[in-house]
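Below is one structure; the comments refer to it alone.
Derivation of every value follows stated rules applied to the coordinates shown; laboratory data play no part. As the structure is a prediction and not an experimental result, all values here were calculated from the model. Cβ coordinates were reconstructed from backbone atoms using ideal geometry, including for glycine residues, and neighbour counts include every protein chain displayed.
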């Protein structure tokens, strides 16, 4: 019974934890401009993140080594440092976007300007990282994030014409968009679903919680059930935007437009739920990305790390995270639009994908690390297929960004 | 490299495990005897004749003397070599086990390699309220 509860809790937090500011914004933008014609990209992204999250979790459980230790060891100091620089900067951009997202959501809930909420959000993130136990942190934000299910509820309450909505599911470029903007947003959506920090966080979290090979079955269930359901949540966000915003020709540029369809479909109560959900999802992701920036640095340089240690026993790790939060604060204090930061962060995430996923795939095949738990053939075939997809997306992202003027 | 035509005698067979410095030592995590991370192996120090000195026949083969960390990581990536006094060494005698990680037989608390960690701990992190609070 206790085991069953553990599995249920794990699945629920995986669903609630799947959506972050990148998923919220990108799905709403895509829904408002392309309808449901990119649902297939979410599908491809979800299968990919399941595959690689599982793989990095297995590496961490079998060898006790988290992703960035493995990256340094495999790529060497020089290529490892190049990888660290890129991954770390993109992660820092995501930290900034998530904290901005928390502040924007609090602004919508309170009518107090988001710039005033930013320091509050950053201090709250730091306090949780400083004091709260890892499992409590994960479960509370994950469960509260579940209130985003209200997007799916709102979609039903909006009573859309299901036939025409289903008709949008086929991958096709809408008349008023070009093939290039379509491809650009497809890559952004793919990057939002597969953000590398999820792998850093997932593998380091496995070490934090002291997983052994015995826990792998449960983690596999969490990922394989939780992430696809989280993907459905993403689709519901796009669906809401496609039903309400697409016909009126509103392209999403702010967080208030992301949640507008919920207010229309589910009223004030729905609005309350969605605000709780957005705050929880972005706050949870702010914790995960801030921790990930500490994890990547500490694992590259071999510092002591982890929330399971006292802060004084992982001093450089904690100092690095404090500095990251301060940098994020400084960037947001310039008044840069957090939604814009988010839109860029998901595209840059897509560019950086091969840096994370290739070393994970290599080590998951290394018997010295994995013993008998090396990848099976089917996983490797799928992994290679994804490596090709990831490489194509990564190489195409910058040219497409230039050609489309970042999707405008 | 010998300039004469005679080929080198093949290396004698050694008992025990053969370690490839690049594959099994470099860039691996180092843990102390309590399993606390100390550093990553940034470089290795070998004994033996100085660089570019002539090697006479009968000179003993170089042996691994220490794991290096500190500024040597920067020079390994960007080129050059820090003076010997700036190298932070973990003597090879302290290494107890070589596996996916290198385990030391000593505590990391007394090692030079941990001074930055200790400085940041004592001067910054431990002074923030709750810095010594056990999260579990």
How many Cβ atoms of partner chains, on average, are near each residue of B:99-111 if near means within 10 Å of its Cβ?
-> 2
Please give, to one decimal in nm, the separation of the simple spin-label points placed at residue A:79 and residue B:11, each 7 Å out from Cα toward the Cβ.
-> 2.3
Taking every pair of alpha-carbon atoms in chain B, give the share separated by more than 26 Å as a whole percent.
-> 40
Mind jotting down the distance between the C-alpha centroids of the stretch A:162-183 and the stretch A:1-46, whole Å?
-> 21
Using just the helices of chain B, give the 222 nm mean residue ellipticity in deg cm²/dmol: DSSP H runs with n ≥ 4 each add -39,500 (n - 2.57), and the total is spread over all residues, rounded to 500.
-> -3000 deg cm²/dmol
What is the packing order of peptides A:158-165, A:23-30, taking the mean over residues of other C-beta atoms within 10 Å and listing the highest first?
-> A:23-30, A:158-165
Debye intensity ratio in log₁₀ form over the Cα atoms of the stretch A:19-404, taken at each q of 0.06 Å⁻¹ = -0.21
Computed over the Cα atoms of the stretch A:228-338, what is the convex hull's projected area averaged over all directions, in nm²?
-> 9.7
With all pairs of different alpha carbon atoms counted, what Kirkwood hydrodynamic radius in Å does the stretch A:298-353 show?
-> 13.4
Between residue A:89 and residue A:152, 0.36 nm times their residue separation minus their Cα-Cα distance comes to what?
-> 19.3 nm
Which of the peptides A:112-121, A:368-377 is most tightly packed, and how do the rest follow, judged by the mean count of other Cβ atoms within 10 Å per residue?
-> A:112-121, A:368-377
Longest principal axis of chain A (C-alpha) makes with the long axis of helix A:134-145 (C-alpha) an angle, in degrees to the nearest 10, of 10
Most fluctuating residue of B:15, B:66, B:126 in a GNM of chain B with Cα springs under 10 Å: which is it?
-> B:15
Give me a single rounded figure for B:41-48: the average over its residues of other chain Cβ atoms within 10 Å of their Cβ.
-> 1
Taking every pair of alpha-carbon atoms in the stretch B:70-135, what share in percent sits in each 10 Å bin, from 0 to the bin with the longest distance?
-> 17, 32, 35, 15, 1
Can you tell me the 0 to 90 degree angle between the C-alpha axis of helix A:39-63 and the longest principal axis of chain A, rounded to 10?
-> 20
May I ask for the angle, rounded to the nearest 10°, between helix A:67-110 and the longest principal axis of chain A, with both axes built from Cα atoms and the value confined to 0 to 90°?
-> 40
GNM top mover of B:31, B:87, B:19 - chain B, alpha-carbon springs below 10 Å = B:19
Beta carbons within 10 angstrom, averaged per residue: use that to sort the peptides A:43-53, B:38-48, A:277-287, B:72-82, highest first.
-> A:277-287, A:43-53, B:38-48, B:72-82
Other chains near A:76-83: what is the mean number of their Cβ atoms within 10 Å of each residue's Cβ?
-> 4
Exposure proxy check on A:197, A:300: fewest-to-most Cβ neighbours within 10 Å is A:300, A:197
